[in-house]
Amino acid sequence: MDELTLAPEQKRTESGAGSRDVLAGSGGHGPADIDRLIDERVPGYSLPAPFYISPELFARDLEAIFASTWIFVASTAEVPEAGDYLTIDIGTYSVIVIRDDDDEIRAHHNVCRHRGTRLLNDLSGSVGNIVCGYHQWTYTPAGDLISAGVQAPGFDRSCFSLRSVNVRVIGGLIFICLSPTPPDDIDEVAAVIEPYLTGHDIAGTKVAAQVDLIEDSNWKLVMENNRECYHCEAGHPELTCTFFPTYGYAPEEIPKRLQPAYQRYLDAEAQLHADCDRNGLPYALVEELSGRPTGFRIERAALDGKGESYTMDGSAASAKLLGDLDTFVLGRASLHVQPNMWFHAMGDHIVTFSLLPLAEDKTLVRTTWLVRVDAEEGVDYDLENLTTVWIKTNEQDAAFCERGHLGISSPAYEPGPYAPTESQVDDFVTWYIERLRAHKEKGVRR
């Protein structure tokens, strides 16, 4: 048996590194413990318990992942007019995402430059200027300080603009990075994914519904669950009305019981490619989930049933086509960007998903449904029909993730091997460890 095929327990015993109490998750975890756990990660196996339940590991995640990489926060449809804003909390950070008077999307730290007061408390809203409720220091949506009351001679307002946060808008999706030196591969990623998004015209959509769900599990379990469909056939009856249960299988590995579904998939893919070619839409799979700071995956794939949308029978949920598309039969353009987003764009609507870690055992999952801006509820779409599949699927996933977190919290938990259909989970965990190692090499860590 070589090094990589050792089971985690064997590897720990033979290496002599990693005491059982550290690996079981009991007690606190200092920087040296965390570094050792990172170094001992066994490819192909789930992570040891502390990665999911340790407060110290959670603090490292916030610093090395969520304060250092590009984070998806919203679509431009959520801030359609000048002055419209959102506030996003990431650990102890709070960020204002706002459209300024020049129609640019900006992001600022939600901290007054006077004495640090939080400026905006609501999750969303619209303002003319950003006014601190404490001493009325006033900022434009672009972040410039325009009023600070009576100040000492020589006070220079230009020195006290809001501290900006890096923003990158890609095809109508808003990403921010809290680091002053964000990963510079975002332009390269944008060049790949933007052509998949443009035809769906996110700028020409509006929010039809938004649901926040707090899951009782670590954020990585939420992402890992999303990265495999090993559990879909038994766990998601509404989703598998339109989501081919063969997802994740190599053709030669598809079980006999799924062969009819696979043939339907092949027929639907042929139709999809013809429709995409006519509409100038790319559909090739591009998968770079590890080996780079901004890990991503994008593809356009057929849907089962009528092949039009994520509804119970696969028919379109909105009568209004997005952009200039000429057919509803366009499957799903599915995007995944680590560490916190996934996305599906159909011919008639778009669903975005983002997660934000709240604690080592609490994760916010925000789901947003976008329809064409002139689509009218009750006329062009029915809200229940539009949202049912993903509301049910999210609730089922939340239960799976909670059960996963409970099991991993047990002293009896030991890392287990990923199945071949869970290769994207392994890729996600590989990327996660890569980011922790990169952060450690910078020499700044808790």
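Here is how the numbers come out for the structure above:
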{"quantity": "Residue 381 vs. criteria of a type in the set (Phe, Trp, Tyr), over 30 Å from residue 56 (Cα atoms) and modelled with pLDDT under 95", "calculated": "no"}
{"quantity": "Filtered residue count, the range 371-401, keeping only those that are assigned to a helix (DSSP H, G or I) and open to solvent by 80 Å² or more (accessible area, probe 1.4 Å)", "calculated": "3"}
{"quantity": "Qualifying residue in the range 218-229 (condition: open to solvent by 30 Å² or more (accessible area, probe 1.4 Å) and over 29 Å from residue 302 (Cβ atoms))", "calculated": "no"}
{"quantity": "Every pair of residues 6+ apart whose Cβ atoms lie under 9 Å, when the first sits in the range 402-427 and is open to solvent by 40 Å² or more (accessible area, probe 1.4 Å) while the second is among the hydroxyl-bearing types (Ser, Thr, Tyr) and assigned to a helix (DSSP H, G or I)", "calculated": "409/52"}
{"quantity": "Filtered residues of the range 149-164 (kept if free of Cβ contacts under 8 Å to residues at least 24 places away in the same chain, in contact with a strand residue (DSSP E or B) (Cβ under 9 Å, 6 or more places away or on another chain) and surrounded by 10 or more Cβ atoms within 10 Å (Cβ to Cβ))", "calculated": "157"}
{"quantity": "Selected residue [open to solvent by 50 Å² or more (accessible area, probe 1.4 Å), hydrophobic (A, V, I, L, M, F, W, C) and in contact with a strand residue (DSSP E or B) (Cβ under 6 Å, 6 or more places away or on another chain)] from 286, 189, 211", "calculated": "211"}
{"quantity": "Criterion violated by residue 299 - all others in (1) closer than 22 Å to residue 326 by Cα; (2) in a loop (DSSP other than H, G, I, E, B); (3) acidic (Asp, Glu) satisfied", "calculated": "(2)"}
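The values are calculated or read from the model by the stated rules, or taken from the named source; none is laboratory data. Keep in mind that this is a model prediction, so the values were computed, not measured. Every residue, glycine among them, receives a Cβ derived from its backbone with ideal geometry; neighbour counts consider all protein chains shown. Accessible surface areas use protein heavy atoms only, side chains included; no ligands, DNA or RNA. Shrake-Rupley method; radii C 1.70, N 1.55, O 1.52, S 1.80 Å.
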